[in-house]
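> A single structure is presented below for examination.
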Amino acid sequence: MDSDLDPGLAALHALGGFFVLRTVPDPDPDVNANPAPDANPAPDPAPAGVGSGAGPRRLPTLAEGYAGVASDASPDPLTSRVTIVGERLGTREPRVAASIAQQGLAARLWSAALGCAVLYGRLPDLDPRLLRWDALAAAPDDLWLTGTRPLPGDAATLAGTVVHGHLEPLTAALRARYGVATGLLWGNAASALAATARELSRWARVHGRTDVAARTRVLAGELFAHPLLDGTGARTGTAFRRRSCCLYYRVPGGGLCGDCCFTRPPRSSPGAASG
């Protein structure tokens, strides 16, 4: 296990593209000096238009997405992400698109954070004001981190960074804008964490990294004990059975996820199975 974060977080590349977190130089290493989401943001240091084929444009931060900050030319990035997910899935239900979009973003955040914690023993500062977001792009071109200020790689720091720094404001935003049930969204977050831990464990077995497997197991266990994740489902080894449904079965041609609470797609009204 490396003890220092390299500027490009190169160790994550071995885990596969979904774990990769691209980095760019931080124009202001003091995050507390960065403008608040509702202030005039600094110029985007990330390559313009990365991942989406768009022309030069400023990539917003995740903090701006959670706060609903829009520009004169486009809606806020969270709305853009939900819209494009809905278009790709072919669903006309914004609530379904919002759920799937949230689960995907949660998985990206868990992958980068937990991946760094088990491989480096450190965590880069993933403050929402430091993560630029190309909401129209697919992983790993969707997130860009400005700088790699190291933090401890323990479960408390992971929870503070991912659960409180990202998932809480994301949950509040999607609940307010799309009416998605809070229990469903925390179930999504737990499902994403379980999938990340499972993939890290699989990689560790393939590469004979018993240290990575052990650290993944310990950190995942401590994270699932967090009050916001505890009770979201049942864990058996690396398997997870959630107590809520992400609504993927409502996507045209969709079915049930491997950790769904249902054993067969329910016949229900549009408002059912939301928590």
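> Go through (1) modelled with pLDDT of 95 or more; (2) surrounded by 13 or more Cβ atoms within 10 Å (Cβ to Cβ); (3) not in a loop (DSSP other than H, G, I, E, B) and name the single condition G221 misses.
Unmet condition: (2).
> If you don't mind, there's one more thing I want to ask. From the residues in segment 116-142 that are of a type in the set (G, A, S) and part of a loop (DSSP other than H, G, I, E, B), which one is modelled with the highest pLDDT?
G121
> Against the condition under 20 Å from T182 (Cβ atoms) and basic (K, R), how does R81 come out, does it pass?
Spelling it out, R81 is indeed under 20 Å from T182 (Cβ atoms) and basic (K, R).
> Hey, can you tell me all the residues within segment 191-209 that are in contact with a helix residue (DSSP H, G or I) (Cβ under 7 Å, 6 or more places away or on another chain) and either modelled with pLDDT under 95 or over 17 Å from Y120 (Cβ atoms) (or both)?
Of everything in segment 191-209, those that are in contact with a helix residue (DSSP H, G or I) (Cβ under 7 Å, 6 or more places away or on another chain) and either modelled with pLDDT under 95 or over 17 Å from Y120 (Cβ atoms) (or both) turn out to be S191, A192, L193, A195, S201, R205.
> Same structure again: What number of residues in segment 149-174 are out of contact with any helix residue (DSSP H, G or I) (no Cβ under 6 Å at 6 or more places or on another chain) and either surrounded by fewer than 19 Cβ atoms within 10 Å (Cβ to Cβ) or not in a helix (DSSP H, G or I) (or both)?
Matching residues across segment 149-174 total 10.
> Taking L131 as the residue in question, decide whether it is surrounded by 20 or more Cβ atoms within 10 Å (Cβ to Cβ) and within 23 Å of L256 (Cα to Cα).
no
> Quick check on my filter: what residues within segment 176-208 are under 14 Å from L114 (Cβ atoms) and of a type in the set (K, R)?
Answer for segment 176-208, where residues must be under 14 Å from L114 (Cβ atoms) and of a type in the set (K, R): R198, R202.
> Regarding segment 194-210, can at least one residue be identified that is under 24 Å from R81 (Cβ atoms), in a helix (DSSP H, G or I), among the hydrophobic types (A, V, I, L, M, F, W, C) and touching a residue at least 60 places away in the same chain (Cβ under 8 Å)?
yes
> Another one. So, in segment 222-248, how many residues would count as being under 13 Å from L185 (Cα atoms) and in contact with a strand residue (DSSP E or B) (Cβ under 7 Å, 6 or more places away or on another chain)?
Summing the residues that are under 13 Å from L185 (Cα atoms) and in contact with a strand residue (DSSP E or B) (Cβ under 7 Å, 6 or more places away or on another chain) in segment 222-248 gives 4.
> What's the total number of residues in segment 1-12 that are modelled with pLDDT of 90 or more, loosely packed, with under 14 Cβ neighbours inside 10 Å and either in contact with a helix residue (DSSP H, G or I) (Cβ under 9 Å, 6 or more places away or on another chain) or among the hydrophobic types (A, V, I, L, M, F, W, C) (or both)?
1
> Residues T263, T216, T232, T236: which one is modelled with pLDDT of 90 or more and either more than 22 Å from the chain's Cα centre (by Cα) or exposed (fewer than 14 other Cβ atoms within 10 Å of the Cβ) (or both)?
T236
The values are calculated or read from the model by the stated rules, or taken from the named source; none is laboratory data. Keep in mind the model is a prediction, meaning the values are calculated, not measured. Note: ideal-geometry Cβ built from the backbone for every residue, glycine included; neighbour counts use all protein chains shown.
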